[in-house]
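The values are calculated or read from the model by the stated rules, or taken from the named source; none is laboratory data. Bear in mind the structure is a predicted one, so any value in this text is a computation, not a measurement. When we count neighbours, we look across all protein chains shown, and the Cβ atoms used for this are built from the backbone with ideal geometry, even at glycine. Ligands, DNA and RNA are stripped out before the accessible areas are found, and what is left, the full protein with its side chains, is counted by its heavy atoms. Shrake-Rupley method; radii C 1.70, N 1.55, O 1.52, S 1.80 Å.
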Amino acid sequence: MKTNLRIELYKFIHQKNGLWGLLVLPLLMIYSGQTTRLSSQLITFEFGAPQWITLILIAVGSAFLSMEYRYRTIVPLVYKSTSKRAIYGAKLIVILGYGLLLTVVSALITMILKPIFSGDRYPWTPQLVQTVLINNTSTLLYSFFLITLAFMLLMVIQVNAAVIGIGLIIVFWGASLSVAIIKTFSSLAGILKWNPFNMVFVTQQLSSPAYADLSLLTNSQLVLGTLVYSIIFLIIGYHQFKVRAI
């Protein structure tokens with residue numbers, strides 16, 4: 001597994017897709033700071049970093065995996081490795097690590113942007129710092145959900161552009177779609193509240209309990225649902241990776 005991780009990390013760095021993500025993230029955060037009304041919530045959500053990070057992860061993660069098949073580099077990789085599970089797992093760990101890096105970078109950028117956009121308003125109180133940390137944790141959790149989903153979709157539909165498109169829909173409209181579905185079929189709300197679109201709320205509800213009125217899930221249920229879906233996506237994605245012809 002260590003050998004696979006070193007190989008995948010080298011390939012990820014060599015492809016430079018991750019570098020573009022690191023360059024784009026601060027620009028997107030600045031855009032949010034300029035176009036969003038200043039509030040403590042804008043600070044605690046690090047100038048929209050959760051949605052930007054998840055979008056970058058979908059684009060970079062799906063490209064990282066799809067390029068293996070596009071350039072046929074997956075062939076020698078499979079034949080040299082003793083386990084496809086180790087290959088798939090290493091790729092997943094590399095992208096998860098990249099998500100952690102983006103989360104750390106977003107926190108550092110927030111520290112730079114905060115005095116620029118808010119001046120002395122919204123000082124770094126213990127409560128504000130705690131909320132930022134909770135949001136960072138929820139971002140990492142949701143990143144796991146979206147990365148496993150992106151890998152699974154890429155193995156199933158095998159079209160990178162389609163995976164990114166689906167990711168955009170989930171990130172920007174997933175919560176609205178979930179609320180619409182639950183309200184339309186309110187008699188089935190007890191079941192429909194577990195739909196995968198509803199897991200988008202994990203990036204907001206853990207620090208803002210009011211969102212529970214929309215998700216109809218408690219924080220613990222939301223975390224559990226996100227993890228369960230992530231594991232399901234991981235299992236299906238790996239199975240498709242294992243049986244996919246190279």
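When both residues are 6+ apart or on different chains and their Cβ atoms are under 7 Å apart, which pairs have a first residue that lies in segment 62-90 and is farther than 15 Å from K242 by Cα, and a second that is charged (D, E, K, R) and open to solvent by less than 20 Å² (accessible area, probe 1.4 Å)? Correct list of pairs: F64/K91.
Per-residue answers, yes or no, for (1) hydroxyl-bearing (S, T, Y); (2) touching a Cys at 6+ places or on another chain (Cβ under 8 Å); (3) over 22 Å from Q41 (Cα atoms):
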| residue | (1), (2), (3) |
| --- | --- |
| S83 | yes, no, yes |
| G89 | no, no, yes |
| I93 | no, no, yes |
| G97 | no, no, yes |
| L102 | no, no, no |
| A107 | no, no, no |
| K114 | no, no, no |
| P123 | no, no, no |
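Taking the listed residues F144, F201, the one that is in contact with a Leu (Cβ under 9 Å, 6 or more places away or on another chain) and within 23 Å of F64 (Cβ to Cβ) is F144, with no other qualifying. From the list Y142, Y122, Y98, Y69, which residue is at negative phi, at pLDDT below 90 and of a type in the set (F, W, Y)? Exactly one of Y142, Y122, Y98, Y69 is at negative phi, at pLDDT below 90 and of a type in the set (F, W, Y), namely Y69. Within segment 108-132, residues that are in contact (Cβ under 8 Å) with a residue 40 or more places away in the chain and more than 14 Å from M29 (Cβ to Cβ) have Cβ atoms under 7 Å from residues that are open to solvent by less than 60 Å² (accessible area, probe 1.4 Å) and in a helix (DSSP H, G or I) in these pairs: Y122/S40; Y122/I43; Y122/L128; L128/S40; L128/I43; L128/T44; T131/T44, counting only partners at least 6 apart in sequence or on another chain. The C-beta contact set for segment 150-169 (first residue open to solvent by less than 30 Å² (accessible area, probe 1.4 Å), second residue aromatic (F, W, Y), distance under 7 angstrom, 6+ apart or interchain) comprises M152/F233; M155/F241.
Candidates in segment 1-24 are the residues that are at pLDDT below 90 and among the hydrophobic types (A, V, I, L, M, F, W, C); of these, the one that is surrounded by the most Cβ atoms within 10 Å (Cβ to Cβ) is F12.
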